[in-house]
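Undergrad: First the structure, then my questions, so here it is.
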Amino acid sequence: MLRIEKRPEPAKSMVYLTPVLALFLTVASSTILFSVLGVSPIEALDNFFVEPVKDAYGVSELLVKATPLILCAIGLSVGFRANVWNIGAEGQLTMGAIFGGGVFIYLYDVDSVFLLPLMIVMGAVGGALWGAIPAFFKTKFNANEILTSLMLVYVALLLLSLLVHGPWRDPDGFNFPESRTFSQSATMPILWEGTRLHFGWILALLAALGAWLMLAKTLVGFQVKVIGAAPLAGSYAGFSQKKIIWFSLLLAGGLAGIAGVSEVSGPIGQILPSISPGYGFTAIIVAFLGRLHPVGIILAGILMALTYLGGETAQINLGLPIAVTGVFQGMVLFFLLACDVLVNYRFRFKSYGKAVS
Amino acid sequence: MDNNGITPRLSLAGITKAYPGVLANDDIHLNILSGEIHALLGENGAGKSTLVKIIYGVLKADSGTISWNGKPLEIASPQAARKLGIGMIFQHFSLFEAMTVTENIALGMPGRQNMAELAKKIVDVSQKYGLPLQPDRHVHTLSVGEKQRIEIVRCLLQDPKLLIMDEPTSVLTPQEAETMFKTLRRLAEEGVSILYISHKLDEIKALCHKATILRGGRYIAECDPTKETAKSLAEMMIGTNLTAPRHMDNSDRGPVRLKAHNLSLESTDQFGVNLNLLNFEVRTGEIFGIAGVAGNGQVELLQALSGEKTLENTDELLLDGNPIGHLGPVARRKRKIAFVPEDRLGHGSVPDMSLVDNAFLSAYRTKNLLSNGLINSGKTRDFAEDIVAKFDVRTAGVDHTAGSLSGGNLQKFIVGREMMQEPELIIIAHPTWGVDAGAASAIHQAIIDLAANGAAVLVVSQDLDELFAISNRIAVIAEGRLSASRDINEISIEEIGLLMGGTNSIDSADNQGGAAHA
């Protein structure tokens, strides 16, 4: 009989090798998938991983897509380290877009250098507010944050839809469910002329740097790690578990909110009924693929952004359905978790002590 | 293989096991006859745990042979060991906190179990051997002592031929230990071999037929402990002459530092014990001991003292006359109170974090390890290295995780971390639980020195020998109430055993349950 048991000493190096291995396995199994779909696997992989980044514009697009992924994943990773399982970054991102974008809707004729900073701040506030709801229920009633944060995603999406179809509709927009197009002073500055790479990328890098500094060097970062690893030792040291729940949900919400506002005032340029192809959910994969480490998250964010781009390219060139992107991302997470299990556990065939002659 | 013509039940020859950089076992020999209680003696790092893990199939020896009833074989896994009839009671428990006693025991047994039948068997075995257990209680609500009983009962249910016990009596009262010795002697008469690991030399002299002594990974000697003195055994084990801790003179007791006045605390745990009007004082320069059987309110008392649970009425706990009952752990540490909790893995330390981080854990305020809001890693590292050096913590370096240290070394580290913060009051739970004689005497000496330098010390322990060795005054906690304190010279171990009272009998678990709901 087969059974699973914990390895006495998991190999340290494997922790960093598993993401690579997971990626390799994803590529290997996707060749089967492509063959079944009747597409040459080599051509498909070329379309997925090489075509999109063949030119400078492609590379810039990669960073554009990585921006919201990294912003959301950084926030989530802090919570995951503290055993706070916030999976509602998509909703927090949407609320950030509503709050940040809302500033422009009401101040659309203001032309000031302070407009964009105000929008970013309000975006963070909106996301944090959405993160505060699960934090409140978790600390007050011990409600499971996985459920509350996930359900709030759909509330946020419907709220966005309501606003765009109703009061925030562009008065000159022929009744299309779209807001006004953002003015110059409400738009993220472009970093690279001729591309869509915007200031949000800098914000994402700053968030990663800040998170790294926070985790490695500050007391609150230390508290996050201790409470995640040994809650009793945390209370022994006098660290408040509730404080850390609030902190990680507000932080994740705030960063996801910034991601939301940087989308609407960046590449999208207006508020639409749908502003994210699931960045908030993909960020969960990014956080784990990046081993909950800021540097790893930047790399994983770029990689996951490539699957979005590759999915589009494959759709255009090979007529593959866009769902392939989701399958691809799902496989990465699946293989990553499977590899992690094998790093920490091993399979053994049941055998009892036998006499050796 | 022969031992005076008799084939030993278990025979080890030339067992060698190397870890990177350390030779944990170097050519070890061990013979255990059937029906023999065999002691395995050695300091921390002597290689006892490694050897036992090899016998139990957790580790594989690099070389050497294992014979079972004269037949050489390989023990590939703990299941293989259990199949042979080897049972093991570990020093660190392997229990699922969220499950009941019965469920935990069922998990350790092969095949499916009829839970109701198993619960009945558990009660039978536990009564037969004087180990009270309620089968339907959840493990997270149990104290260390009660958790150990689960492990013992779990082994006994499987009719072992060889029982390995890693310091089993460290959480029992003298009466309970004596009951267990009777059990063990009976088991031995029934032909069960017992490999008994303990640092309590008197116990080994009283119980064991034979002793194998290890030092630094090497086999030192096999002897008959009944023919040795405790001192000679300890000297073989440590290799140097032992100095007993110097007992302090009672006369230099100073003013009251900590005073509990009608301290009460309702437990938030449905199986917990409510603290009921506790009164005691701890003076500067004295060591005040609180004895008692596990699960009589020690956990709750320690939480109330450390600030992990704050008191409703702040006046019930006074430090130098000022109320501190409402303060949390950080505020209490700021007032120069230090704590060593009961469970060193996961409570006193974070197992997966380095010793540097674990040094920071409770000392960052008192040792000023934050500069400009950032962790001063250089200073923290120096502090961790200081602890390791001053308290003789054996580790390959301060970057290793707390979980990689042996129990005794981790305890020295935690005690060291708390003492080096120069506390004026230190509260220590079970200072030497599962710690060998060498480390225990070092920890005892450190506690005595701290008190001699003017600190007030409160020790909560179930080890009466320990309390008698170091404390000046002693009180007993039973069912959430504290007895009046008595001077150490006025009270005997037997009297304390009686004060522990009705809780020593087999049906005590029921009484405790009743008290918790009352």
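The values are calculated or read from the model by the stated rules, or taken from the named source; none is laboratory data. As the structure is a prediction and not an experimental result, all values here were calculated from the model. We place every Cβ from the backbone using ideal geometry, glycine too, and count neighbours over all the protein chains shown. Side chains are part of the model used for accessible areas, which takes the heavy atoms of the whole protein and leaves out ligands, DNA and RNA. Shrake-Rupley method; radii C 1.70, N 1.55, O 1.52, S 1.80 Å.
Undergrad: Just the residues that are β-branched (Val, Ile, Thr), under 24 Å from the mean Cα position of the chain (by Cα) and at pLDDT 80 or above, please, taken from the stretch B:210-247.
TA: B:Thr212, B:Ile213
Undergrad: Tell me, which residue of the stretch A:105-121 that is open to solvent by less than 60 Å² (accessible area, probe 1.4 Å) and closer than 23 Å to A:Tyr279 by Cα is farthest from the chain's Cα centre (by Cα)?
TA: Applying the filter and picking the extreme gives A:Leu116.
Undergrad: Still on this structure, please answer the following. Scan the stretch A:318-331 and report the pairs whose first residue is farther than 18 Å from A:Ala305 by Cβ and whose second residue is buried (at least 20 other Cβ atoms within 10 Å of the Cβ) and charged (D, E, K, R), with Cβ atoms within less than 9 Å and a gap of 6+ or a chain change.
TA: Every condition considered, no pair remains.
Undergrad: So B:Ala442 clears everything in (1) without any contact (Cβ under 8 Å) to a residue 60 or more places away in the chain; (2) in contact with a Ser or Thr (Cβ under 7 Å, 6 or more places away or on another chain); (3) part of a helix (DSSP H, G or I) except one condition, right? Which one?
TA: Every condition holds for B:Ala442 apart from (2).
Undergrad: Further, regarding this structure: Pull up the stretch B:27-62, narrow it to residues that are open to solvent by 20 Å² or more (accessible area, probe 1.4 Å) and within 14 Å of chain A (Cβ to nearest Cβ), then point me to the one that is nearest to B:Lys412 (Cα to Cα).
TA: Looking at the filtered set, the residue picked out is B:Ser49.
Here's the yes/no breakdown for (1) under 20 Å from the mean Cα position of the chain (by Cα); (2) hydrophobic (A, V, I, L, M, F, W, C); (3) surrounded by fewer than 21 Cβ atoms within 10 Å (Cβ to Cβ):
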{"residue": "A:Ala211", "(1), (2), (3)": "yes, yes, no"}
{"residue": "A:Leu219", "(1), (2), (3)": "no, yes, yes"}
{"residue": "A:Val226", "(1), (2), (3)": "no, yes, no"}
{"residue": "A:Ala233", "(1), (2), (3)": "no, yes, no"}
{"residue": "A:Tyr236", "(1), (2), (3)": "no, no, no"}
{"residue": "A:Ser240", "(1), (2), (3)": "no, no, yes"}
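Undergrad: Also, I was wondering about something else. Could you figure out which of (1) of a type in the set (S, T, N, Q); (2) open to solvent by 60 Å² or more (accessible area, probe 1.4 Å); (3) free of Cβ contacts under 8 Å to residues at least 60 places away in the same chain; (4) farther than 30 Å from B:Gly407 by Cβ isn't true of B:Thr268?
TA: The number of the failed condition is (4).
Undergrad: For residues in the stretch A:255-283 being crowded, with 23+ Cβ neighbours inside 10 Å and over 12 Å from A:Pro68 (Cα atoms), which is farthest from the other protein chains (Cβ to nearest Cβ)?
TA: So, considering only residues that are crowded, with 23+ Cβ neighbours inside 10 Å and over 12 Å from A:Pro68 (Cα atoms), the one farthest from the other protein chains (Cβ to nearest Cβ) is A:Ile271.
Undergrad: Related question: Can you pull out the residues in the stretch B:328-365 that are over 21 Å from the mean Cα position of the chain (by Cα) and either at pLDDT below 90 or over 25 Å from B:Gly397 (Cβ atoms) (or both)?
TA: Within the stretch B:328-365, B:Gly328, B:Pro329, B:Val330, B:Ala331, B:Arg332, B:Arg333, B:Lys334, B:Arg335, B:Lys336, B:Ile337, B:Arg365 qualify.
Undergrad: Here's something else I'd like to know. Kindly indicate which of A:Ile245, A:Ile227 is in contact with a Gly (Cβ under 8 Å, 6 or more places away or on another chain), closer than 29 Å to A:Ile146 by Cβ and among the hydrophobic types (A, V, I, L, M, F, W, C). If you could, list the steps in order and put the result at the bottom.
TA: Values: A:Ile245 fails: in contact with a Gly (Cβ under 8 Å, 6 or more places away or on another chain).
Only one candidate passes the filter, namely A:Ile227.
Undergrad: OK, next. Output the residues belonging to the stretch A:168-183 that are of a type outside the set (Gly, Ala, Ser) and without any contact (Cβ under 8 Å) to a residue 60 or more places away in the chain.
TA: Residues satisfying the conditions are A:Arg169, A:Pro171, A:Asp172, A:Phe174, A:Asn175, A:Phe176.
Undergrad: What pairs can you find where one residue is in the stretch A:224-251 and at positive phi, the other is not in a helix (DSSP H, G or I), and their Cβ atoms are less than 9 Å apart, with a gap of 6+ or different chains?
TA: A:Gly238/B:Gly307; A:Gly238/B:Glu308; A:Gly238/B:Gly328; A:Gly238/B:Arg365
Undergrad: Looking only at the stretch B:337-396, count every residue that is of a type in the set (Lys, Arg) and touching a residue at least 40 places away in the same chain (Cβ under 8 Å) and tell me the total. Can you show your working first?
TA: So in the stretch B:337-396, the residues of a type in the set (Lys, Arg) come out as B:344, B:365, B:367, B:379, B:381, B:390, B:394.
Now restrict to residues that are touching a residue at least 40 places away in the same chain (Cβ under 8 Å): B:344, B:367, B:394.
Result for the stretch B:337-396: 3.
Undergrad: A further question on this structure: For the stretch B:72-120, which positions are in a helix (DSSP H, G or I), surrounded by 17 or more Cβ atoms within 10 Å (Cβ to Cβ), of a type outside the set (A, V, I, L, M) and away from chain A (no Cβ under 14 Å)?
TA: Within the stretch B:72-120, B:Thr102, B:Glu103, B:Asn104 meet the criteria.
Undergrad: Another question, if that's okay. Looking for whichever is among the hydrophobic types (A, V, I, L, M, F, W, C) and at the interface with chain B (Cβ under 8 Å from one of its Cβ atoms) here; the options are A:Ala204, A:Ala208, A:Ala230. Which one fits? Break it down into steps so the answer makes sense when it comes.
TA: Details: A:Ala204 fails: at the interface with chain B (Cβ under 8 Å from one of its Cβ atoms); A:Ala208 fails: at the interface with chain B (Cβ under 8 Å from one of its Cβ atoms).
Only one candidate qualifies: A:Ala230.
Undergrad: If you check A:Ser185 against the conditions, is it outside any loop (DSSP other than H, G, I, E, B), open to solvent by less than 30 Å² (accessible area, probe 1.4 Å), more than 11 Å from chain B (Cβ to nearest Cβ) and among the small types (Gly, Ala, Ser)?
TA: yes
Undergrad: Taking B:Glu418, is it closer than 24 Å to B:Ala291 by Cα, at pLDDT 90 or above and not assigned by TED's automatic domain parsing to the domain that holds B:Ile470?
TA: Yes, satisfied.
Undergrad: Something else now. Which pairs do you get when a residue that is among the charged types (D, E, K, R), found in the stretch B:60-83, comes within reach of a residue that is modelled with pLDDT of 90 or more, reach meaning Cβ atoms under 6 angstrom, with the pair 6+ apart or on two chains?
TA: B:Asp62/B:Thr16
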